[in-house]
1. Looking at the structure I just gave you, is E18 open to solvent by 60 Å² or more (accessible area, probe 1.4 Å), among the charged types (D, E, K, R) and either in a helix (DSSP H, G or I) or modelled with pLDDT of 95 or more (or both)?
2. Pairs please, first residue from the stretch 55-80 and closer than 17 Å to V30 by Cβ and at pLDDT below 95, second anywhere and open to solvent by less than 40 Å² (accessible area, probe 1.4 Å) and not in a helix (DSSP H, G or I), Cβ atoms under 7 Å, 6+ apart in sequence or on different chains.
Amino acid sequence: MAKIENLLWGDRDDPRRELAELFPGEGEAVTVRARAWARGVIAEAGVAASDELRVIRTLRDAEPRLSLKPARYLAAQLNV
């Protein structure tokens, strides 16, 4: 269940913090490694980077520990 503060004021957690736990490293290396992993996952699945909902689902299926906010962050990064 979501924390009451998150429900009232919104979730202000930085998605890069969770990515740093899943893809250990320092600074920008975390995001670069996470994007590279995500590109490989969606390429293998045959999902277009522009289809953000399918990208999010594909990433979360590939890595069950990945929560929604970091998955959305990665999907947006791939669609740039």
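1. Spelling it out, it is not the case that E18 is open to solvent by 60 Å² or more (accessible area, probe 1.4 Å), among the charged types (D, E, K, R) and either in a helix (DSSP H, G or I) or modelled with pLDDT of 95 or more (or both).
2. L78/A49
The values are calculated or read from the model by the stated rules, or taken from the named source; none is laboratory data. Keep in mind that this is a model prediction, so the values were computed, not measured. Cβ coordinates were reconstructed from backbone atoms using ideal geometry, including for glycine residues, and neighbour counts include every protein chain displayed. Calculation scope for accessible area: heavy atoms of the full protein, side chains included, ligands and nucleic acids excluded. Shrake-Rupley method; radii C 1.70, N 1.55, O 1.52, S 1.80 Å.
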